[in-house]
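Colleague: Please find one structure pasted underneath; my questions will follow.
Only the coordinates and a few stated rules stand behind these numbers; no lab work does. Owing to the predicted nature of the structure, the values given are computational and were not obtained by experimental measurement. Cβ sites come from the backbone with ideal geometry, for glycine too, and all protein chains shown count toward neighbours.
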Amino acid sequence: MINNPSENTLEPGATLGVLGGGQLGRMFSQAASKMGYKVCVLDPAENSPAAEVSAYHVAAEFDDEVGLSHLAEISDAVTTEFENVPANSLRFLQSRLPVYPPPQAVEVAQNRNVEKSFFKEHGLPVNRCTAITETSQIEAAFASMSGKAVLKTARFGYDGKGQQVCENAATVKTAFESFGSVECVLEDFVPFDCEVSVVLARDIHGNIEAFPVVENQHKNGILDICIVPARVPEEVQRQAITAAKALAEALDYVGVLAVEMFVCDGAVSLNEIAPRPHNSGHYTMDACNYSQFDQQVRTLAGLPVAKVVQHQPAVMLNVLGDLILKEGFQWQGLQNLDNSHVHVYGKAEARAGRKMAHVNLLGSDADSLLTTVRAAL
Ligand code: AMP
């Protein structure tokens with residue numbers, strides 16, 4: 001497949017644009033530069049992790065048409081590193097140059113209610129949930145759940161922000177008001193056995209390549225540790241990959257897509273999607289022949305998705321500002337672990353809950369890697 005050049009392919013030397021200057025943009029840029037592409041970052045911040053390692057930076061807001069036009073002039077194709085870029089900006093760019101993932105797929109990921117309706121319409125497994133736009137809907141909505149529910153803002157929630165577990169309708173009301181009575185979704189609380197995700201890439205020809213299923217452990221709503229391969233039965237892995245691929249087809253997706261899922265009693269149900277590389281796919285940078293960022297570059301450049309192989313079991317640990325701010329923290333404690341790869345994002349200031357770096361540990365089995373990580377912490 002790799003020897004099948006296409007007329008739509010961008011040659012090395014071309015410039016790839018990216019909306020957003022965070023760590024995902026930085027790792028995209030590093031992968032692009034390895035393959036001979038230049039990167040233009042659009043981000044309002046003067047200094048950002050992605051701009052630091054990229055050829056060009058347009059300092060503008062994400063809805064600034066002058067800035068977007070400048071990005072379009074410099075770039076040959078554009079992608080995004082976060083889902084909350086205004087849909088109008090993506091459409092504005094799409095009228096000038098190729099934009100992947102397609103704006104309509106990004107829009108689905110911008111609103112949890114739209115996302116959940118999309119899952120249902122396409123017959124994908126999803127837990128009970130209902131949209132909340134007014135206080136008057138809460139009583140009946142909570143009564144339709146199984147006694148415990150999670151209220152989440154429909155838009156702009158991330159890393160556990162904008163969500164609250166509720167044991168009764170009164171708590172849902174208080175939470176709804178504390179979120180400013182914005183559109184929310186009320187979800188049944190899922191007593192999951194574990195959480196998994198699938199990261200895949202789909203190219204302009206419709207070929208899909210999925211990375212191995214990842215087991216995800218969260219702490220305070222933020223991804224903490226990933227274990228790959230996930231310690232779930234093969235049947236669960238098959239279900240997870242089938243659902244993620246069906247979703248990518250339904251979205252007519254091009255680019256890298258991440259699908260987060262719950263595993264409950266041997267069955268998966270979809271939680272949310274990210275229309276971009278994902279924190280749970282960072283292990284691919286060291287454990288696989290191609291990383292999720294390599295696939296992002298390939299699909300944006302019009303190249304076919306590459307066949308993926310994982311060389312070794314891996315555990316990925318997120319390094320948050322909390323760890324760095326701890327007394328006695330030393331990078332060497334992580335850098336000197338056997339077969340560890342520390343990826344630092346170049347953020348000037350460490351803050352609690354802020355993602356500063358991640359560590360990929362490789363070894364012969366995931367359980368002993370977990371023991372090593374815990375001992376190091
Ligand atoms: P999210 O922002 O939807 O990915 O939620 C962040 C984390 O909160 C998830 O990874 C779960 O650990 C937890 N969570 C979210 N929704 C639910 C739910 N409906 N039931 C149980 N736990 C949940």
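Colleague: Pull up the cross-link candidates among the aspartates and glutamates for Lys34, meaning alpha carbon to alpha carbon under 14 Å and not fewer than 8 places away within one chain.
Modeller: Cα-Cα hits under 14 Å: Glu11, Asp294.
Colleague: Now, a different point. Where the Cα atoms of the range 194-376 are projected onto their three principal axes, how long is each span, largest first, in whole Å?
Modeller: The Cα atoms of the range 194-376 stretch 50, 40, 29 Å along the principal axes, largest first.
Colleague: So, one more: For the chain, what are the DSSP H helices with axial Cα length of 18 Å or more and mean Kyte-Doolittle hydropathy of at least -1.0?
Modeller: Flagged H segments are 234-250.
Colleague: Something else about it: Explain nothing, just the number: dipole magnitude of the range 194-376 about its Cα centre with +1 on each Lys and Arg Cβ and -1 on each Asp and Glu Cβ, in debye rounded to the nearest 20.
Modeller: 440
Colleague: Separate question: Report relative contact order for the range 194-376 in percent, whole number only (criteria: Cα-Cα under 8 Å, sequence separation at least 6).
Modeller: Normalised by residue count, the contact order of the range 194-376 is 22 percent.
Colleague: Follow-up question, since we're still on this one. Taking the Cα centre of the chain as origin and charging only Cβ (+1 Lys, Arg; -1 Asp, Glu), how large is the dipole, in debye to the nearest 20?
Modeller: 280
Colleague: As I understand it, the dipole of the chain uses +1 on the Cβ of Lys and Arg and -1 on the Cβ of Asp and Glu, about the Cα centre. Which of Thr15, Ala375, Ala170 lies farthest toward its positive end?
Modeller: Ala375
Colleague: Here is a further query. Calculate for the chain the 222 nm mean residue ellipticity that helices alone would give, adding -39,500 (n - 2.57) per DSSP H run of length 4 or more and normalising by residue count, nearest 500 deg cm²/dmol.
Modeller: -8500 deg cm²/dmol
Colleague: Give the value in nm², to one decimal: projected area of the alpha carbon convex hull of the range 128-188, averaged over all directions.
Modeller: Convex hull of Cα atoms, orientation-averaged projection: 3.4 nm².
Colleague: Sequence gap of 8 or more, or different chains, plus Cα separation below 21 Å: how many lysine pairs satisfy both in the range 194-376?
Modeller: 6
Colleague: Can I ask one more? Amide H of Gly17: which non-local residues (sequence gap of 5 or more, or other chain) have their own amide H closer than 5 Å, using H built in the peptide plane?
Modeller: Those lying under 5 Å, H to H, from Gly17 are Cys40, Asp76, Ala77, Val78, Thr79.
Colleague: I'd like to compare 225-234, 87-96: which one has the highest average count of other Cβ atoms within 10 Å, and what's the full order after that? Walk me through the numbers before you get to the answer.
Modeller: Working: 225-234: 18.4, 87-96: 16.4.
Answer by packing, highest mean first, reads 225-234, 87-96.
Colleague: How big is the range 50-109 on each of its three principal axes, counting only the C-alpha atoms and giving the largest first in Å?
Modeller: Extents along the principal axes: 30, 21, 19 Å.
Colleague: Kindly rank 144-156, 287-299 from highest to lowest mean number of other beta carbons found within 10 Å of each residue.
Modeller: 287-299, 144-156
Colleague: What does the highest-first list of 117-129, 207-219 look like by mean Cβ count within 10 Å?
Modeller: Ranked by mean Cβ neighbours within 10 Å, highest first: 207-219, 117-129.
Colleague: Something else about it: Take the Cα atoms of the range 161-271, find their three principal axes, and give me the spread along each one in whole Å, biggest first.
Modeller: Principal axes ranked by extent give 48, 31, 23 Å for the Cα atoms.
Colleague: Counting each pair of different Cα atoms once, what's the Kirkwood radius of the chain in Å, rounded to one decimal?
Modeller: Result for the chain, one decimal place: 21.4 Å.
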